[in-house]
Amino acid sequence: MDVGLDTGGVLAAASTPIAPDETASTLHDRLAEMGAELLVKTLPAYAAGEIAPKPQSGDGVTYAHKLDRGEGRLDFTKPAAALAREVRALNPWPGTWFEYQGERYKVAAAEVIPGVSGAPGAVVDDRLTIACGEDGLRPLRVQRPGKAMTDAGAFLRGYPLPAGTKLD
């Protein structure tokens, strides 16, 4: 431990690739397991004096501010690829969402649909593909207020958002 925020010495480190469809939740769980394994392996060596803490590099260090719910609003003027990353990064908390007719709809999974054009925020087909600043975003899992999270097909059967619908 050190006086600063995350500035203490390092006893061991590990790295892992992040899959293109991985969410913050699945990555968290995988990293927790990796960290536990590394801890079990490293602590006995540290206690035996076989390893010593190494100082961390200060290069590239930035402060990550606390997330709030407002950061989850999907801004359809952004490229769809950026929004798909936001959906994965902010899952499960604070989650991502869009508004329609004054209600907030959560999006837990989405995919990029290349070549989509239209006014940002406009639904362009019967599969809930939404035009973005670049390409289109198709939500795959959606939740209406007060309802359970569901796949987009079931969502649309109960609550159609036809092509031409403009999201708030």
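So which residues in region 135-144 are over 17 Å from Ala84 (Cβ atoms) and either open to solvent by less than 60 Å² (accessible area, probe 1.4 Å) or of a type in the set (Phe, Trp, Tyr) (or both)? Gln143 - this is the single residue of region 135-144 that is over 17 Å from Ala84 (Cβ atoms) and either open to solvent by less than 60 Å² (accessible area, probe 1.4 Å) or of a type in the set (Phe, Trp, Tyr) (or both).
Per-residue answers, yes or no, for (1) within 16 Å of Pro139 (Cα to Cα); (2) within 18 Å of the chain's Cα centre (by Cα):
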| position | (1), (2) |
| --- | --- |
| Gly4 | no, no |
| Met34 | no, no |
| Lys54 | no, no |
| Arg69 | no, yes |
| Phe76 | yes, yes |
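Counting the residues of region 17-38 that are part of a loop (DSSP other than H, G, I, E, B) and surrounded by 10 or more Cβ atoms within 10 Å (Cβ to Cβ) gives 5. A search for C-beta distances below 8 Å between a residue of region 103-125 that is on the phi > 0 side of the Ramachandran plot and any residue that is open to solvent by less than 20 Å² (accessible area, probe 1.4 Å) and assigned to a loop (DSSP other than H, G, I, E, B), counting only pairs 6+ apart in sequence or on different chains, returns Gly121/Phe76; Gly121/Leu167. Scanning region 39-98 for residues that are open to solvent by less than 90 Å² (accessible area, probe 1.4 Å), part of a helix (DSSP H, G or I) and not hydrophobic (A, V, I, L, M, F, W, C) yields Thr42, Pro44, Gly70, Glu71, Gly72, Glu86, Arg88.
Among the charged types (D, E, K, R), open to solvent by 60 Å² or more (accessible area, probe 1.4 Å), within 20 Å of Ala24 (Cβ to Cβ) and part of a helix (DSSP H, G or I), is that true of Arg157? When the stated conditions are applied, Arg157 does not pass them.
The values are calculated or read from the model by the stated rules, or taken from the named source; none is laboratory data. Just so it is clear, the structure is predicted and the values come from calculations on it, not from any experiment. Please note: Cβ atoms are built from the backbone with ideal geometry, for glycine as well, and neighbour counts cover all protein chains shown. The area values use the complete protein model at the heavy-atom level, side chains included, leaving out ligands, DNA and RNA. Shrake-Rupley method; radii C 1.70, N 1.55, O 1.52, S 1.80 Å.
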